[in-house]
Amino acid sequence: MLNKVLLYFETNSFLAHGYCLTWRTDLIALHAVSDLLIFSSYFVIPTAIIYLNIKRPDLIGNRIAFLFSSFIIACGLTHLIGLITLWQPIYGFEGIIKGATAVISGATAFATWMLMPTALKLPSTDMLHEKNVALG
């Protein structure tokens, strides 16, 4: 059993993505810079969600904030692994990260739709403004 798990981390029989790109500097740079910027953004966005949730816990529930943050971080990790596989053929590890991302994505999608009836009942800013004017 352990041998099957360890096979996911074996790299000797694979080539890095750079070989597929024939080590063209322009293509390597395009992929590397893009993956690095996407990875960086995918870590800034959850920071903003968590900050918002701390400052305004009335806006977002803890669970949905955690799910969205986890989903975005997992997506960012897939880009980080994509960046690494340009030079190192860690495809088994990449598959594990993608599998985890798939599970987190599915849970987030499910939770989003389960939240929808409650979210649709929330009053809009126009409705709240009209109520305030009526009370004034």
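The values are calculated or read from the model by the stated rules, or taken from the named source; none is laboratory data. Keep in mind that what you see is a predicted model, and the values were worked out from it rather than measured. Ideal geometry is used to build each Cβ from the backbone, glycine not excepted, and the neighbour counts take in all protein chains shown. For accessibility, only protein heavy atoms count, side chains too; no ligands or nucleic acids. Shrake-Rupley method; radii C 1.70, N 1.55, O 1.52, S 1.80 Å.
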Exercise for review: With springs connecting C-alpha atoms under 10 Å apart, model the chain as a Gaussian network and identify which of ALA29, ALA102, ALA65 has the largest mean-square fluctuation.
Suggested key: ALA29
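What net charge is computed for the residues neighbouring GLY18, neighbours being all others with C-beta under 15 Å from the C-beta of GLY18, Lys and Arg scored +1, Asp and Glu -1?
Numbers: positive: ARG24; negative: ASP26, ASP35, GLU94.
That sum, taken over residues with Cβ under 15 Å, equals -2.
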Revision key, fill the gap. Stretched fully, the stretch from VAL33 through MET114 gains (0.36 nm per residue minus C-alpha distance, one decimal, in nm) 25.5 nm
Exercise for review: Using only Cα atoms, locate the centre of region 69-123 and the centre of region 42-67, then give the distance between them in Å, rounded to an integer.
Suggested key: 16 Å
Point to revise | Candidate values (i) 17.0; (ii) 15.1; (iii) 18.1, label of the one derived for Kirkwood radius over Cα pairs in Å | key: (iii)
Point to revise | Highest-fluctuation residue, PRO57, PRO46, PRO89 considered, GNM on the chain with Cα pairs under 10 Å | key: PRO57
Study note, to complete from the structure: Note: CYS20 to PHE43 extended length (0.36 nm per residue) minus current alpha-carbon separation gives 5.4 nm
Review point. Once you charge only the Cβ atoms, +1 for Lys and Arg and -1 for Asp and Glu, what is the size of the charge dipole of region 52-136 about its Cα centre, to the nearest 20 debye?
Key: 140 debye
Study note, to complete from the structure: Note: probe point = Cα of LEU128 + 7 Å toward Cβ; backbone nitrogen < 18 Å; residues of region 55-73 passing the test are 55-62
Revision key, fill the gap. Residue-ordered couplings for region 6-12, obtained by feeding phi - 60° into the Karplus form 6.51 cos²θ - 1.76 cosθ + 1.60 and rounding to whole Hz (Gly and Pro as x), are 5, 4, 5, 9, 6, 10, 5
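Would you mind telling me the share, in percent, of accessible area of the chain contributed by carbon and sulfur at probe 1.4 angstrom?
For the chain, the apolar C and S fraction of the accessible surface comes to 71 percent.
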Review point. What dipole magnitude, in Debye to the nearest 20, does region 1-97 give about its Cα centre under +1 on Lys/Arg Cβ and -1 on Asp/Glu Cβ?
Key: 280 debye
Review point. Per residue, how much accessible area does the chain show when a 1.4 Å probe rolls over the protein heavy atoms, in square angstrom?
Key: 73 Å²
